[in-house]
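Presented below is the structure to which this report refers.
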Amino acid sequence: MNDAVPEPPPVAEEEPAYDPAAPAPLNVPRTPTGDAGVDAALDRLGDADHLATDGHLEVYEDVHRGLRDALTALDARPGPPSHAPKPHAPRS
């Protein structure tokens, strides 16, 4: 006589029901710009793919801040000297 208790058959895993309100990636392609700061900010947009809508604002504000900082840095970079004409002294 076999005292072993037979194992129950495995339970089939059910697929979760489709929920249109669930977070889902937009799969929008992001082409690298060549600027590390801008690319990092744009890559951050992918973080919103897995958040509910109420979590998007924080990501978008962070991305906006990063892009604004990148633009501000362009103004702060030293560039070539200006070739604007110098004002002439008035004639007497």
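The values are calculated or read from the model by the stated rules, or taken from the named source; none is laboratory data. Keep in mind that this is a model prediction, so the values were computed, not measured. Methodologically, a virtual Cβ is constructed for each residue, glycine included, from the backbone with ideal geometry; neighbour enumeration extends over all protein chains shown.
For the stretch 22-36, how many residues are part of a loop (DSSP other than H, G, I, E, B) and under 14 Å from residue 66 (Cβ atoms)? It would help to see each step written out before you state the result.
Taking the stretch 22-36 as the starting set, the residues that turn out to be part of a loop (DSSP other than H, G, I, E, B) are 22-35.
So of that shortlist, the ones also under 14 Å from residue 66 (Cβ atoms) come out as 30, 33, 35.
Of the residues in that region, 3 qualify.
Taking first residues from the stretch 28-40 that are over 19 Å from residue 73 (Cα atoms) and partners that are part of a helix (DSSP H, G or I), the Cβ contacts under 6 Å between residues at least 6 apart in sequence or on separate chains come to 30/42.
Apart from one condition, residue 51 fits all of (1) more than 27 Å from residue 74 (Cα to Cα); (2) without any contact (Cβ under 8 Å) to a residue 12 or more places away in the chain; (3) surrounded by 12 or more Cβ atoms within 10 Å (Cβ to Cβ); the exception is (2).
Sort out which residues of the stretch 42-69 are assigned to a helix (DSSP H, G or I), small (Gly, Ala, Ser) and either at pLDDT below 90 or closer than 18 Å to residue 25 by Cβ (or both), and write them in order of number. Selection gives 46, 48, 55.
All of (1) at negative phi; (2) modelled with pLDDT under 80; (3) surrounded by fewer than 10 Cβ atoms within 10 Å (Cβ to Cβ); (4) under 15 Å from the mean Cα position of the chain (by Cα) hold for residue 27 with one exception: (1).
Being part of a helix (DSSP H, G or I) and of a type in the set (D, E, K, R) holds for only one residue in 3, 39, 19, and it is 39.
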